[in-house]
Each structure stands twice: as structure tokens, then as C-alpha cells.
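K.L.:
Quick one: structure below, then a few questions.
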Amino acid sequence: MSQSLLSDLAVALASGAVRVIDLTNTLSPDFPVIVLPAEFGQCAPFRMEKLSRYDDNGPAWYWNNISMNEHSGTHFDAPAHWVTGKDLPSNTVDAIPAQDFMAPVVVIDISAEAAADADFVLTRTFLETWERENGRIPPRHWIALRTDWYKRVGTPEYLNLLEDGAHSPGPDAGAVEFMVHERNCIGLAVETVGTDAGQASTFTPPLPAHSILHGNGRFGLQCLTNLDKLPTFGALIVACPLKIEGGSGSPLRVVALVGETNA
Amino acid sequence: MTNPLTPPKRKDPLLRTHVGHVSPNLRSRAATAMAARAGQGRFVLQVCHDCRRATYPPRDRCPVCWGELDWQDQPRGAVIEAETTVRSSVDLFFRDHLPWRIGSARLDAGPMAIVHLHGDVKQGDRVRMELKLDRGGNPALFALPEKETSHMADDPQLRLFTADPKVRRILVTDGREATGQAVASALLDAGATTVFLGNADPLMRYPGQDRIEAIDGIEPVALNLTDTGSIEKLAAQLGGRVDIVVNTARFTRSGGVGFGGKLSDLQSSLDLEVTGLMRLAQAFAPALSARSDDGVNAAAAFVDVASIHGLTGNAGFAGSSAAAAARLALVASLRGEMAQTGIRVMSVLTGPVDDRWHQSVPPPKVTPTQIARAVVTALQSGQETICADDVAQDVMARWQADPALTIREENK
Ligand SMILES: [Zn+2]
């Protein structure tokens, strides 16, 4: 590798020729988590208990104890998260090769479709049409679905949980099979609370994104923000989950590097 | 008749809030034992083992024959033989509430007693005696008219021995559940000015939301007892405007200890019900305490609704009972702390609630309406501990008679 590659990047970062876009929602007690039927264990939201703030519990220092589920806030899903990925090698966050934590991203804009129909289902046909218009999805990319769903954070319409379940866009099985087996994606990156559509438990097979992605060793990134700030091709995602022993996922800071030629 | 209470005017912002004094707690162990029974709404006196005479005030031995004394429930009737009006006092609390009427009552049980008088009671009247707790948690005898008089509960002397919801502003912590909704409605029906109704997840709808939030007097507020920041934020907004706090939050799940219990359920129970109670107390106790003698809508009470099985444990609901036990322990300590500031701390104890988490429990189960009625009764009477339903009453009675046996019975 050319010695100049990283130093060129450093110069570009310093000059702003490469910008760093934050794709992470703020981790706060108010940030919604996925809601399961009440008889199942529930995803613990982020919580913060002050330990000291320059007070009698610590006169010169400020720090908090925090707690949360592995899948709270902007988070990473490892293959072991789903039963289909339970027996794969290196399927937990501590075992995934660090090399996989940096990967390019292709952004598929379905924001208009999602705005028109909260239950918009991404199909293989849609992706093939998209490729004819935008170009082929390259291998070992994150496939990011821009839905502009992040703009709903802080409103009931983010989870959009009605009496017949959640309503948010996501892929069907055909689309996920295509992304995994024919485009060899590294994973699926979304702004919604899960990689699957809100109604995906009624799909056949149910929850195809979780099932197929993780069953094939691919990852999920959820609750992202700012996907509308990324170019269709050419950005690079840095997503390093916490190294939790045997962890099924992790809250994390996700950023994207965007070069000026993309701007 | 009593002048009906009217909502207070807004406070003059230039006036210093009246400090709520509490008499120093110098009472004997016998007086403390009387207080414990008063807190349960009982009317008790000590009765001598040997000469069978009832005695008052509380003592360590019979004043007649030096025999041993036992607490026994007594008839509540009495006749007022003399009355007087106190016009000066060195007591920091009473000197601000003068003139104050007291009298000598010949109790049907035997002894003469100095008692506080309701405004509608005069010399020669037959009266109904109540054993009350004063704002410092000490027992006191209060003479009520034998028959209900109009606006009887609004009597200014009586109101200092109760935490009547009338004209008060009340925070109910969990409006998302049927119990909190029933409590909120009942408090408004009992004359509360406003019920601030907590919602732990304002972005998520809940059953009954449209109905309860449309009721005049209900003010929905964001409040999540598992989130310290959320409680602090609400206390900062409402602290000085809440006169009573009623905590109805629960996290009940079935399960044992060695078998069938889920650690995550236990954590959720403890965080919501135990740590959450302490978060709530830390956020609201100071503001309540600062306003314990602040006019007709002075801050008055902190009420906690918990499972009776906190006393005993309960097979099949081990974790939830453990949370209830911890809750009762915290409430007991809080009661001691708040007695020094003139705020009553009350426990409403319930059997299994008729909700979706007790589907497998056979009836009888307590309804939200029964719990709401108990909350209102406790506040109106000033009672410290009240059982909301037959199951709670039965467990309480057995536990008082034989704790070790009851613990075994409830864990079979
Ligand atoms: Zn005697």
C-alpha cells in the first residue's frame, strides 16, 4: 500500500476535502427503542444515573453510570442477534474482524416512497430498476436505505406503532436475498428502528432482513440519521461496535467519510 | 355547619412561604405504639390485664393497679363534658393556627381524655371519636359530630389531621395504567383541583388515553420513574405546585426465585418500583416539605400503592413481592423523615390487581376502582396504612396475628 494513502487522507480531513458526517442519533433516555408484544422481554432504553458532578460523591470529577440494551439508540446488529446466525463463526461483536468495521456505502433513496406509504416494501424489482438508473450496487458495501425516517425522531410517527403494529418501510425477502447473495453486501443500514419493515413479522418468511442478513453473516445498522447527507456512491462508513464479550450488537457512533468530489 | 372550602387565591410572590413547624417528637414507646395503630385507622386504648380498665393517655403500666396493659379496639362514642378555646400557645405550629378548640371527653370506653374538637361539636354533645395522627406522626384524639354535618371535612382543625384531596393539586405517577387512571378520576371527584397525570412514554399511546386526558382537571405530564432526568425535570416544573404525590407505578410479572423467574423482570421491577420510588421521593420530598403549612392547600402527603405481598412474599410472584417489600421498607423510612417536616407518608396495600399480569390468578382480585377508593379514603382520613381489598385485608390480618405463619401460607 502506498505510504501516501493515509497521509493524503489525513491532509484531506484536515483541509475539509474529506468531511466526516455523523450518522448517529444522540443516546438519550427519550430515544425510542423497539417495542415487542408485552409478554416478551423488552428492550431496555438508555438510562443515565449521575455518579458525581463535582459534588460530595466526587468533588473534582463528573461521570455517569449508564445502562441500556445492546440494541438501544443507533446500534449495530451482529449475526448472532438472530437465530439464523446463531451457529456462524465470529458472529458476535467481539469476534467480528475489525476490518469489517470500515466499508463503503451505497445509498438507495426511498424517501419519496416511504413518505407516500409508511409500509413501503423494498423489492428485488425495485432494486433492479434502481440499478438501471443509478448503477450496479458494488460488492462488500453497506446498503443504506435513505427514508428520511430520522426526521420523525421525537414524534410518535418514528416507531409509528398503531393498534395493528408498527408501520415503517423495509425490504421483503426477495430484496434481501438479492442484496446478500447477488450483491454481497456487508450489511443493511437504515434510519428506522429495525432493518425490517414495521409489519415484517407478517411477511413470509417473517422478518426477512434479520433472518437472511444475519443467517448469512451480514450486519445491520439501525436508527441512523443524516443518510440524506450522503452521496449515492463513494462514502465510507466507520462503524465500530463496542467489544462486548459474546455481544449480539452494540450502540455505537457511526460516521461517514465523504470526499469533496462527492459533494 | 362548616364553611365550605374554596380554592385558595394565588400566593403573593413577595411573601415568604410559611414554614411548617412540627412539634418535637418526645413521645414514649407506648405513645408510639398508639400511633402505629392510629395509622391503621383503628380506635384503640390500652386495657389493663388485671383490673380490665381502659386507660388514656398511653402509659407503661395501669395507673390504678400497676397491671400490664394491652392495646384493644374500643367503642368510638364519647360525650364532651367541657370545652375551651386555646388563644395562645408557645408551640410553633399551633400558635399559627389559633384559636384552637379542645375539650374534655368522657369516652364510652371509660377514661376522660383531652381531645381536639370539630367546629360543629360543642359541650354536652355526643361525639364520634377518631384516633388521628398529627402532622408529626403522634397520636391524638379528635371529636367529630356524631352525625355527618354539612361540609364536615372542610373544618380547618380537622383538615390539619387529614390530607384531604379537596382543593389540592395531586401528582399521580402512572396514567398509562388503569389504576392510575382510576385514582386520578377519584381524586378529582373528591375535590382535587388538578391531577397531574404521569406518562412514562409520551410518544406512545395507551389504553384509555383519550378518555382520561379529556377530563377537566387532568393535566398530562411526562414522567418516567426509571429516568432520573425525567423526574428532576418535572419536579423543577411542578415542585412547588404539587400538594400530594400518589405513586401507582408497578411492574408485576409472574415467576419464582429458583424456577421460572426472569432476572430482567426483577431488574425492571426493582428499577421502577424501588429505585423509582427513591427517585420520586428525592425529587418531590423537599418541595412538599417546604410547603407543609402553606394554607388550605398546603402540601400534605406522599402516597405509595404497593402489593400487600411485600409483607410476606408470594409464591408465583416472587420478584414482584421482593420489589414490594423493598418499597414498603423505603416508605417506612420516608415516613420517619417526612414526619419531621409535617408531610404524611401513606401506604395503600393491595391484593393481586385484576389486570393482564394476573390473568392466571383466580379471583378475588382488586379492581382499579377499589384501589382509587382506598387512596381517597386514606387521604381523607389521614390514615397511614390502608388495605384496598379483601385479599389485602385478609393477608394483613393474618400477618399481624402471626407473621411467620402468614409468610409460609403465602409461599406455598
Ligand atoms: Zn389495672
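K.L.:
For chain B, what does the accessible surface come to per residue with a 1.4 Å probe? Please give it in Å².
P.N.:
Averaged over the residues of chain B, the accessible area is 45 Å².
K.L.:
Then there is this: What does the buried accessible surface come to for B and A, summed over both chains, with the probe at 1.4 Å? Round to 100 Å².
P.N.:
The summed interface area works out to 1000 Å².
K.L.:
Quick one: of the DSSP bridges fully inside chain B, what percent are antiparallel, nearest 5?
P.N.:
About 50 percent, rounded to the nearest 5.
K.L.:
5 Å is the cut-off here: which amide hydrogens, built 1.01 Å from N in the peptide plane, fall below it relative to residue A:109, excluding neighbours closer than 5 in sequence?
P.N.:
Here the answer is A:146, since their amide H atoms fall under 5 Å of that of residue A:109.
K.L.:
So, one more: Could you please state how large a percent of the accessible area of the protein assembly as shown is carbon and sulfur, counting protein chains only and using a 1.4 Å probe?
P.N.:
Working: 16990 of 31120 Å².
Percent of accessible area from carbon and sulfur atoms in the protein assembly as shown: 55.
K.L.:
Kindly provide the pair-distance distribution of the protein assembly as shown built from C-alpha pairs, with 20 Å bins from 0 and whole-percent values in order of increasing distance.
P.N.:
Calculated P(r), rounded to whole percents: 16, 39, 27, 14, 4, 0.
K.L.:
Moving to a separate point now. Give me the inter-chain shielding for A:151-157: mean count of other chain Cβ atoms within 10 Å, whole number please. Before the final figure, lay out the partial values.
P.N.:
On the way: counts 0, 0, 1, 1, 1, 5, 1.
Mean partner-chain Cβ count within 10 Å for A:151-157: 1.
K.L.:
Per DSSP H run of at least 4 residues, take -39500 (n - 2.57); add these up for chain A, divide by its residues and hand me the 222 nm value, nearest 500 deg cm²/dmol.
P.N.:
Counting only the DSSP helices, I get -3500 deg cm²/dmol.
K.L.:
In straight Cα distance, which aspartates and glutamates are under 12 Å from residue B:11, not counting same-chain residues fewer than 8 positions off?
P.N.:
B:294
K.L.:
Would you mind working out the magnitude of the charge dipole of segment B:29-155 relative to its Cα centre, with +1 at each Lys and Arg C-beta and -1 at each Asp and Glu C-beta, to the nearest 20 Debye?
P.N.:
For this selection, approximately 220 debye.
K.L.:
Same structure, new question: Give me a single rounded figure for B:382-389: the average over its residues of other chain Cβ atoms within 10 Å of their Cβ.
P.N.:
0
K.L.:
What order do you get for B:298-306, A:174-182, B:257-265 when each peptide is scored by the mean count of other beta carbon atoms within 10 Å, highest first?
P.N.:
B:298-306, A:174-182, B:257-265
K.L.:
Dipole of the protein assembly as shown, Cα-centred, from +1 at each Lys and Arg C-beta and -1 at each Asp and Glu C-beta, to the nearest 20 debye?
P.N.:
2180 debye
K.L.:
In the Gaussian network model of chain B, springs joining C-alpha atoms below 10 Å, which of B:390, B:60, B:210 carries the largest mean-square fluctuation?
P.N.:
Judging by the Gaussian network model, the answer is B:210.
K.L.:
Another question about this same structure. With angles folded into 0 to 90 degrees, how steeply does helix B:29-38 sit against the dominant principal axis of chain B? Use alpha carbons for both and round to 10.
P.N.:
Helix B:29-38 sits roughly 60 degrees off the main axis of chain B.
K.L.:
Can I ask one more? How much mean residue ellipticity at 222 nm does chain B get from its helices, if each DSSP H run of length 4 or more adds -39500 (n - 2.57) and you divide by all residues, to the nearest 500 deg cm²/dmol?
P.N.:
Numbers: 11 runs with 120 residues, N = 412.
One gets -9000 deg cm²/dmol as the mean residue ellipticity at 222 nm.
K.L.:
Excluding residues fewer than 8 places away in the same chain, name every one of the lysines whose C-alpha is closer than 29 Å to that of residue A:151.
P.N.:
The reachable lysines, counting only those whose Cα sits under 29 Å from residue A:151, are A:229, B:233.
K.L.:
On to the next question. Please list 3J(HN,Hα) in residue order for segment A:226-239, calculated via the Karplus relation 6.51 cos²θ - 1.76 cosθ + 1.60 where θ = phi - 60°; whole Hz, with x for glycine and proline.
P.N.:
6, 5, 6, 8, 9, x, 4, 10, x, 7, 10, 9, 10, 9
K.L.:
Classify chain B as rounded, prolate or oblate from the Cα gyration tensor: take a ≥ b ≥ c as the square roots of its eigenvalues, call it rounded if a/c is under 1.5, otherwise prolate when a/b beats b/c and oblate if not.
P.N.:
Judged from the Cα gyration tensor, chain B comes out oblate (a/c at least 1.5, b/c at or above a/b).
K.L.:
Also, I was wondering about something else. List the lysines whose alpha-carbon lies under 26 Å from that of residue B:147, not counting same-chain residues fewer than 8 positions away?
P.N.:
Straight-distance partners of residue B:147: B:122, B:132, B:166.
K.L.:
For chain A, report the translational diffusion coefficient in µm²/s to the nearest whole number, using Stokes-Einstein at 20 °C, 1.002 mPa s, and a Kirkwood Rh over Cα pairs.
P.N.:
Stokes-Einstein gives a translational diffusion coefficient of 112 µm²/s.
K.L.:
Still on this model: Under 10 °C and 1.306 mPa s, how fast does segment B:47-182 diffuse according to Stokes-Einstein, given a Kirkwood radius computed over C-alpha pairs? Answer in µm²/s, whole number.
P.N.:
Rounded, D is 93 µm²/s.
K.L.:
Sequence gap at least 6, Cα distance under 8 Å: using those rules, report the relative contact order of segment B:169-409 to the nearest whole percent.
P.N.:
About 19 percent, as a whole number.
K.L.:
Can you pull the mean other chain C-beta count within 10 Å for peptide B:109-117?
P.N.:
0
K.L.:
Give me the distance between the Cα centres of segment B:261-285 and segment A:158-185, rounded to whole Å.
P.N.:
Each part reduced to its Cα centre gives a spacing of 36 Å.
K.L.:
With just the Cα atoms defining each centre, how far is segment B:99-145 from segment B:337-400? Give it in Å.
P.N.:
27 Å
K.L.:
So, one more: Can you work out the accessible area per residue across chain A, with the rest of the protein chains kept in place, probe 1.4 Å, in square angstrom?
P.N.:
Value returned for chain A: 47 Å² of accessible area per residue.
K.L.:
Are there any residues in segment A:43-67 with a reduction of at least 10 Å² in accessible surface when going from the isolated chain to the assembly of protein chains? Probe 1.4 Å, please list them by number.
P.N.:
With the partner chains in place, segment A:43-67 has these residues losing at least 10 Å²: A:47, A:48, A:49.
K.L.:
Residues of segment B:191-212 losing 40 Å² or more of accessible surface, assembly versus chain alone, probe 1.4 Å, please list them.
P.N.:
B:203, B:204, B:205
K.L.:
How much space per residue, in cubic angstrom, does the convex hull of the C-alpha atoms of segment B:169-409 take up?
P.N.:
Spread over its residues, the Cα hull of segment B:169-409 gives 120 Å³ apiece.
The values are calculated or read from the model by the stated rules, or taken from the named source; none is laboratory data. Just so you know, these numbers come straight off a predicted model, no measurement behind them. Glycine gets a Cβ as well: all are built from the backbone with ideal geometry, and neighbour counts include every protein chain shown. Remember, those area values only see protein heavy atoms, side chains included, never the ligands or the DNA or RNA. Shrake-Rupley method; radii C 1.70, N 1.55, O 1.52, S 1.80 Å.
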